[in-house]
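The structure appears below as structure tokens.
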Amino acid sequence: MIPVVGELWEIFVLSVRDGFVQVSAFVAITVFLFSYVQHRTDGRLIERLESNRRAQPVVGALMGLTPGCGGAIVMMPLYIRGSVTFGTVVATLIATAGDSAFVILVLAPEAALYAYGIGFGVAIISGYAVDKFGFGVDRIDRAVSRLDPTATDGGVVTNGGRVAQSESTNTPAGVGSQVHHYPGESCDHEPATHESPVMKRLSNGALALWWVVAVGALVVGVAYLARGAPEVALVANASFAGAFTALGVVGTVLSFYLYFVGRRYIGHGRLEQATDAVDSAREAFTHAAMETSFVTVWVLAAYLVYEYSVALFSLDIAGIAAAAGLLAPVAGAGLGLIPGCGPQIVLATAYSQGSIPFSALAANAISQDGDALFPLIAMDKKAAVIASIYTTVPALLVGTGLHLLFGPLFGFGVLGG
């Protein structure tokens, strides 16, 4: 039976509302805290990392494990500069949780604990193995050594990938806030690209309102989880359900404005250029809002793809995945080959709906590189292919192994499932 227009509209509004309250509000506070801590400790971690190469794969795995792509992206230019090993790059990419981690952490925290825990262990083992036995690593190291001087705040990469001193600061170019600049960076942390006093004030006002709504949605979201993630009525009144609906809808609308319009007038929050604590906090707030707005757009798209596919075509996605057998984790690993976080968010959403097995989620968690692979692609496409192979092979092995040992495990760890 084809759903009527009213049912399709209700699906749309519910997706708009639920995506912001159930996911985006939690993303916002997580990204802000990570961004602020990252800036406050700028440089110290890198200095210690360069002096302790044996610990680098572990640190890389920890950076990749942080939700979102921020930690992983920080590690990529360090390899380009010769500060960390290629095994560290592989460990970082395998452990990279990406933006899809926010969906799983909020909607299926137990599954997230196991999937990312397994990925973390595989990342460390693979990182050390690549450094000791890695095939193709010399190929990548030679590509790095042939790099022209990079546009990175005065620092250059010299023969062998070693870091030269910045003439203006006498500081190693790989240390401190400079590490965030490199060609081909995929995360859009650029300054404003349009000048308009009116639009800038409007966008800053939308940013401030967005944070008010996000904090309110976080409070409502925590209460929602404390109640056991029940069904919430779609109403507009002075009740918990009314607040849930209003905050979700307004938050999503503001997120779309910031992502598609506001960023052109206030930028994306350039954490690397903040010079003191106040500016750092301001830039961290801007960055967190813009990153969360991106996640909101993709989460809504994922929700709608799933819900409309089920409603319009009467699809039994869980049945299809169950029939796929071992092809399910293979598909999860294959999807992880696609750079970026969008497709991975779609997969995470499908898992939270009980539509794909845990083995596919685990395989995707290991295989996906998020936005962190883009710098390597910009440097040398063949080198990026080698890195992708090193992340996909263990994903296939672990995913199929989990499927054979424990079965498909649909809905494992999903709240309310």
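The values are calculated or read from the model by the stated rules, or taken from the named source; none is laboratory data. A quick note: this is a predicted structure, and the numbers were derived from the prediction, not measured. So basically every Cβ, Gly included, is an ideal-geometry build from the backbone, and we count neighbours across all protein chains shown.
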### Task
Enumerate the pairs (first residue in the stretch 55-66 and more than 11 Å from residue 127 (Cβ to Cβ); second residue anywhere and at pLDDT 90 or above) with beta-carbon separation below 7 Å, excluding pairs fewer than 6 apart on the same chain, so at least 6 apart or on different chains.
63/92; 65/95; 65/116; 65/120
### Task
Pick out the one residue from 372, 365, 378, 395 that is at pLDDT below 90, crowded, with 22+ Cβ neighbours inside 10 Å and under 30 Å from residue 131 (Cα atoms).
372
#### Entry: Single match in 72, 55, 61 (criterion: at pLDDT 85 or above, among the small types (Gly, Ala, Ser), in contact with a Leu (Cβ under 9 Å, 6 or more places away or on another chain) and part of a helix (DSSP H, G or I))
55
